[in-house]
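Quick notes on the structure that follows.
The values are calculated or read from the model by the stated rules, or taken from the named source; none is laboratory data. Because the structure is predicted, anything quoted here is derived from the model rather than measured. Glycine also receives a Cβ, built like all others from the backbone with ideal geometry; neighbour counts cover every protein chain displayed. Calculation scope for accessible area: heavy atoms of the full protein, side chains included, ligands and nucleic acids excluded. Shrake-Rupley method; radii C 1.70, N 1.55, O 1.52, S 1.80 Å.
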Amino acid sequence: MSNEGLSNLLHEERTFEPSEEFRAQANAGQELFDRAAEDREGFWAEQARRYVQWETDFEQVLDWSEAPFAKWFLGGRLNACVNAVDRHVEVGHGDRVAIHWVGEPEGETRDITYAELHQMVQRAANALADLGVGEGDTVAIYLPMIPEAAIAMLACARLGAPHSVVFGGFSAEALHSRIDDAGAKVVITADGGYRRGKPSALKPAVDAALAHDENPVQKVLVVQRTGQDVDWTNGRDLWWHEALEAAAETHEAQAFDAEHPLFILYTSGTTGKPKGIFHATGGYLVQTAYTSHVVHDLHPDSDVYWCTADIGWVTGHSYIVYGPMTLGATQVMYEGTPDTPHQGRFWEIVQDLKVTVLYTAPTAIRTFMKWGTDIPAKFDLSSLRLLGSVGEPINPEAWMWYREHIGADRCPIVDTWWQTETGAIMISPLPGVTAARPGSAMKAIPGIVAKVVDDMGQEVEKGSGGYLVITEPWPSMLRGIWGDPKRYQETYWSRFPDAYFAGDGAKLDEDGNIWVVGRVDDVMNVSGHRMSTSEIESALVSHPKVAEAAVVGAADETTGQAICAFVILRADAVAEADSQAAAGEGEKLVQELRNHVAKEIGPIAKPRQIMVVPELPKTRSGKIMRRLLKDVAEHREVGDVTTLADSSVMSLISDGMQKG
Ligand code: WTA
């Protein structure tokens, strides 16, 4: 965000108090802050016993003696699936709907009660156990947004087998490296899913990912979703429905240690290789359930909650599966995109299922703004009582639009800051307590200590900006990077002494509220999806025509940031590109490169813009000056070039762009 944008943000003085009516029914009040401030560990022990059913109670809340490697709820034993499913049935809520599933094709719906979910997770756990999956074995899940995605995750959790969900939009190559890194024994996938009105195949990507000579996968379970034709490898592939049918009906769940890994989820960092972030069972479950209760204010007996994220991202893990289900809530799960078959689909779902709490992303809100207020206005949205936002900074204008046109100027908005690494919400208003400001995630929630510090790690004064850090360990913190403890320490705990560095820049306003303004590292945020510049650069240079590449995130009105790439071609490719350009076919090469990135990473990583340039701006030590490329991509006057090894490079690039 530009400096001008920042100062505008800090002049935002509108505040919105919760209504008396909301406050009176809210799950959390001011006393929660007071209790956490008085005795943080005691506070977390209380939340742990309140939200989670322990098979064996824990003896110690926190062991931080080997910081930054934390252990929470030591000695405690639990089963995450039992917490999310079985216990609701045991206390008589078996008839409550767990998932109102809405398929993309209109009219295709499934309602699944907690009792039905219980039956399915038991059979799925038995089916996996029959394939040899047990405690500590990893399972890769590559599925569309169908109930089986949640069932597969829960079945793994039931067995103590860490799942590694890979977003269905990732390519075979990306899937292959994640399967390999996690050493997955089994992959759970589907024939395909629906995307914008059409079946779209998934199984071929798994087949391609497993075509590599060496891979750890022994079995592939395939959910039948679209009925499209699939290639079949006998002895390796099995239909999910047949495996479940053949499996025993009941499954006795065992309890696992609180620190037992629950899942791995890959996310982009500053290097080319994605990091496998892993979370431990106890602390993660405690904080996701706690935040679902105090931030999303879920009342399981009356709310219909809807988180629009995909299960392939952390938001889907924490706020579709583990948080809301541990509370026994009823929720909507939607398979499709917001514009299929029409731009009012979200609002139609809210109206038909009487959704009360909606959790979505700023990029979606900005898209709805663009489509126009008359679209939501056609639907009855009066069931809504609370709105949430996650994934990227929400600009005050989008916040106000959300409040007025979706929330009828009545629903509180919770702008929730957190990350794959933090596992659960860290900074957010409490909807019944906080007078929220449009564009600010406000303050750390009770139990969390967040600060904004300067280069030297000193807290900044009110009214200034710096880096966002977390200074005390928290229950749902990542336990590390799968197979790479050193990288965990270096990435998060070395920039500032004794603090977790989130990679985000933030400002503190005069009232001590936090305004997260975006990444300060080489990570981009495109439509709320994390992408690393170097990951896309590696994909580009793996193309035979590319010699060098530099990628930057340029501001984009709808997607927050957009991927812009600058590439230098190899000598032999230059002549060909020139003749294509002369024939008016300059787009051909760009298209070829975009498709190559889609193949290496996935369609979501396709650059919006690829510019072929003769040189890249570098410092004398050879470092690419992305700041200058960002100026070009954002059509700004190019900034200070005095540290460039060759200051004429920028004019070469700008000239080339004008010609192009
Ligand atoms: C950004 C998504 C501003 C931030 C849950 C963070 C936000 C990254 C917000 C994590 C917010 C997330 N305001 N920025 N409310 N929420 N971010 O791992 O840059 O996919 O570091 O987790 O998203 O993205 P991730």
The lone condition residue 174 fails out of (1) closer than 18 Å to residue 604 by Cα; (2) in a loop (DSSP other than H, G, I, E, B) is (2)
Mind telling me which of the residues 213, 207 ends up being over 20 Å from the mean Cα position of the chain (by Cα) and part of a loop (DSSP other than H, G, I, E, B)? 213
Which numbered condition residue 609 misses (of (1) open to solvent by less than 40 Å² (accessible area, probe 1.4 Å); (2) in contact with a Cys (Cβ under 6 Å, 6 or more places away or on another chain)): (1)
Would a scan of the range 182-198 turn up a residue that is within 20 Å of residue 259 (Cβ to Cβ), part of a loop (DSSP other than H, G, I, E, B) and at pLDDT 95 or above? yes
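Residue-by-condition table, conditions (1) within 16 Å of the ligand (Cβ to nearest atom); (2) open to solvent by 60 Å² or more (accessible area, probe 1.4 Å); (3) in the same structural domain as residue 368 (by TED's automatic domain parsing):
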{"residue": "551", "(1), (2), (3)": "no, no, no"}
{"residue": "556", "(1), (2), (3)": "yes, no, no"}
{"residue": "582", "(1), (2), (3)": "no, yes, no"}
{"residue": "593", "(1), (2), (3)": "no, no, no"}
Tell me which helices (runs of 4 or more DSSP H) are completely within the range 577-660 and hold 1 or more residues being at pLDDT 85 or above and under 19 Å from residue 533 (Cα atoms), or say none if there are none. 586-600, 626-633
The condition of being over 18 Å from the mean Cα position of the chain (by Cα) and among the hydrophobic types (A, V, I, L, M, F, W, C) holds, among 295, 286, only for 286
Looking at (1) outside the structural domain of residue 216 (by TED's automatic domain parsing); (2) in contact (Cβ under 8 Å) with a residue 24 or more places away in the chain; (3) under 26 Å from the mean Cα position of the chain (by Cα), which is the only condition residue 86 fails? (3)
Just to be sure I understand, how many residues within the range 563-576 are in a strand (DSSP E or B) and either at pLDDT below 95 or farther than 18 Å from residue 267 by Cα (or both)? 6
Filtered residues of the range 512-542 (kept if surrounded by fewer than 21 Cβ atoms within 10 Å (Cβ to Cβ), over 20 Å from residue 450 (Cβ atoms), without any contact (Cβ under 8 Å) to a residue 60 or more places away in the chain and within 12 Å of the ligand (Cβ to nearest atom)): none
I'd like to know if the range 109-124 contains one or more residues that are modelled with pLDDT of 95 or more, over 20 Å from the mean Cα position of the chain (by Cα) and closer than 28 Å to residue 603 by Cβ. yes
